[in-house]
Every structure is written in C-alpha cells, then in structure tokens.
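The structure appears right after this line, and notes come after that.
The values are calculated or read from the model by the stated rules, or taken from the named source; none is laboratory data. This is a predicted model, so every value here is computed, not measured. All Cβ positions, even for glycine, are placed from backbone atoms using ideal geometry, and neighbour counts span all protein chains on display. Heavy atoms of the whole protein, side chains included, go into the accessibility calculation; ligands, DNA and RNA do not. Shrake-Rupley method; radii C 1.70, N 1.55, O 1.52, S 1.80 Å.
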Amino acid sequence: MSNGLRKSCVIGWPAGHSRSPMIHNYWLKQHGLVGEYDKHAVAPEDFPAFIASLAERGYAGANITIPHKETALRLTRPDARAKAVGAANTLWYQDGELHSTNTDVEGFLANLDHVAPHWARGHTQALVLGAGGAAHAVAFGLMARGLKRVRVANRHRERAEALKAKFGPAIEPVDWDKVADELPTTDVLVNATSLGMKGMPDVSLDVGLLPASAIVVDLVYSPLVTTLLGAAKARGLVIGDGLGMLLHQAVRGFSLWFGVQPQVTHELRALVEADLARS
Ligand code: NAP
C-alpha cells in the first residue's frame, strides 16, 4: 500500500457468486479513490494462513463469506456484535491487530428502516423463519431495536431453542408446522431460511393471514422477488428484499478500509439488480 493504493477483498469458497466486488468497485469509482477490491476463493484448510498473510498481501481488511464466517471470528478480535451472532463477515486492521464485526445486523436493520421508516414504533411482534447464521443476525438486530419478543420458527426446532439459550427469553421458539397460527399476530415477518432461493422450494405460507399493516422481509436475493415477497406485494404489504440488506451490509466495510462513508444509491442497486437478472 506504499503507493497510496488501498485494497480489500472478499474471501469465500467458492467466491464466484459474490456481488461484493461489484458493489465496492462501484463506490471506489464513484468517490474517485485509488483502491482495489478483489475476490479470492480460498479452501477451508488454507483460510487461516490466508488470513495471517492479509496485511502482507496489501489488504486493509476483507469481507468473509460462506463457509469462513465462523472461523474468521476465531482468528480475529471480534466486537460484541460478531461474538453474539457467532460469525464475522467484515475484517479490518486497527493498531496492527485484525478486528472483526458482523455487518449483516446493520444491513438487515438499515434495509428495514429504508422500506418501512419508523417500523419499530408500532411493529413489535416479529416472526423469524430460520435459525442459521442469518437468523442470528436478524434476531440480534430486532432485539437491539428493543423488541421484547422475537418468535423463531425453524425446521429443526432445536436450533431455535439454541438461539433462545444464547440470546435469552426474548426469543420464543415456535413449531415449524404451526407457523400459520402465528401469522395473525405478526407485524414483521422475516424469511432467514434458504427457502425461496433458486433451486430450493418456496416458503409455503398464506400471507393473507398477516395483518394488513405487516411488513415482510426476505433475505434471499436470487431471485430478487421471491414467491413470498411476490404474494406479500400483491396483497399490498410493505416488503423488503435481500438485495437491500446485501447493499447496506457493505457500507461499514467500505468506510473502514477506504475512509469514506458510501451511499446505497438507486444506480448501484440497478447495477446489481441487472447482474442478478443475468445470472
Ligand atoms: P444457514 O446458516 O445454512 O441456515 C439455513 C437456514 O435455512 C436454516 O434455518 C435451515 O433450517 C433453513 N432451511 C434450509 N433448507 C430448508 C428446508 N428445505 N426447509 C426448511 N428450512 C430450511 O444459512 P444462512 O447463512 O443463515 O442463510 C440463510 C439465507 O439468508 C440464505 O438464503 C442466504 O443467501 C441469505 N442471506 C442473505 C443475506 C443478505 O445480505 N441478503 C445475508 C446473509 C444470508 P434447519 O436448521 O432446520 O436446517
């Protein structure tokens, strides 16, 4: 970095699907910065050595994606948020030490704030589908905004129970096959499962059972409008898609590495949307 070039990258296995280079390189160009954002496919057995050589490779930090987020937590100095979620997706050097956080939390919340400003004032009954990594970030974010009760339905109920054991009594596990009973009292419904992704079955729920004021968020972004979101939109409900979260979660890393707070613009969204449509 001696020539002033600042660099970051995304590390995954595989890494080809990642839209992070498109997002960060857009912002680098937009702000006229001398920087570079690369992607690296690194096998799990090579990941610790790669992380140990990050500075040597000229990187100011990195994004971490599947399947390395849990390992990244162990190999870095995580903040409270990453520790609570149990996974790190954004790494940066501070005083020579590699720190980490989880920006899925703020990505989820910023997207929700964008599609439904002031949602937390009246929408206090949340139902999260899923209990994996993304659901941890969502539940943590909802609790951080003061929700006292977050219902979690997961196919394997024990993972929802584990979430409760970790986050406390605000988490209320719900049987996967009884989700429909919960819908009439749900203000914010979040799909944090892989259901609805290309090649996966859809979330099978009757959105007609939700209150007319409900907000429906899907973390899946390929396809952009999942069957769940399509049905919610057709019913006139407020919806938030996974691309919104993906874009917003990228903001913090960029500002940590390149020193500028970027904006999630319509132009950026259109760029990534077009790329998703092509793939
Ligand atoms: P994960 O840790 O592997 O968890 C997968 C979740 O999906 C689990 O709750 C799992 O339930 C559930 N699931 C999988 N197949 C299912 C099926 N056939 N029926 C019912 N439930 C099923 O994955 P993750 O990292 O949490 O990611 C979940 C989703 O969020 C993915 O679609 C991912 O792309 C998306 N995501 C989006 C963003 C974004 O920025 N938009 C960020 C992170 C993740 P079991 O525990 O019962 O297996």
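Given Lys39/Lys148; Lys7/Lys233; Lys39/Lys178; Lys7/Lys83; Lys7/Lys166; Lys178/Lys198, which pairs have Cα atoms separated by over 31 Å?
Lys39/Lys148; Lys7/Lys233; Lys39/Lys178; Lys7/Lys166, as the Cα separations exceed 31 Å there.
Pairs of Cα atoms nearer than 8 Å and 6+ residues apart set the relative contact order; for segment 105-240 it is 23 percent. Over every Cα atom in the chain, the radius of gyration and the widest Cα-Cα span, Dmax, amount to 18.8, 61 Å. Among Asp46, Asp95, Asp175, the residue with the largest mean-square fluctuation in a Gaussian network model of the chain, with springs joining Cα atoms closer than 10 Å, is Asp95.
For helix 157-167, what angle does its Cα long axis make with the longest principal axis of the chain, in degrees from 0 to 90 and rounded to 10? Orientation of helix 157-167: about 60 degrees from the principal axis.
Quick one: Cα centre-to-centre distance for segment 215-279 and segment 29-65, in angstrom? Value for the Cα centre distance between the two parts: 23 Å.
What does the C-alpha gyration tensor say about the overall shape of segment 1-107? Classify as rounded when a/c is under 1.5, otherwise prolate if a/b is larger than b/c, or oblate.
In terms of gyration-tensor shape, rounded.
Mean separation of Cα pairs under 8 Å and 6 or more residues apart, divided by the residue count, gives the chain a relative contact order of 16 percent. Using a probe of 1.4 Å on the protein chains alone, the accessible area found for Lys233 is around 130 Å².
Each residue of segment 236-249 was assigned a 3J(HN,Hα) from its phi angle through the Karplus expression (A = 6.51, B = -1.76, C = 1.60, θ = phi - 60°), giving x, 7, 6, 10, x, 9, x, 5, x, 5, 4, 5, 5, 5 Hz with x at Gly and Pro.
Atom-type composition of the exposed protein surface of the chain places 54 percent of the accessible area on carbon and sulfur (1.4 angstrom probe).
Note down the magnitude of the dipole of segment 105-240 about its Cα centre, charges +1 on Lys and Arg C-beta and -1 on Asp and Glu C-beta and zero elsewhere, to the nearest 20 debye.
200
Loop-resident GluC sites (Glu not before Pro) (DSSP state other than H, G, I, E or B) in segment 28-85 with no more than 11 further Cβ atoms inside 10 Å of their Cβ: Glu56. Ordered from largest to smallest accessible area (heavy atoms of protein chains, 1.4 Å probe), the residues Ile239, Ile51, Ile66 come out as Ile66, Ile239, Ile51. Using Cβ point charges alone (K and R +1, D and E -1), the dipole size of the chain about the Cα centre works out to roughly 280 debye. Distances between placed amide hydrogens fall under 5 Å for Gln125 paired with Asp187, Val188, all partners being 5 or more residues away or on another chain.
In the context of the full set of protein chains, segment 1-157 has a per residue accessible area of 44 Å² (1.4 Å probe). Here's the picture: charge each Lys and Arg Cβ at +1 and each Asp and Glu Cβ at -1 in the chain, and of Thr227, Gly196, Leu112 the one pushed furthest to the positive end of that dipole is Leu112.
Every Cα-Cα pair of segment 105-240 was included, and the share exceeding 18 Å stands at 49 percent. The 3J(HN,Hα) values that the Karplus relation (6.51, -1.76, 1.60; θ = phi - 60°) gives for segment 106-119 are, in residue order, 6, x, 4, 5, 5, 5, 5, 4, 5, 7, 9, x, 6, 4 Hz. Gly and Pro appear as x.
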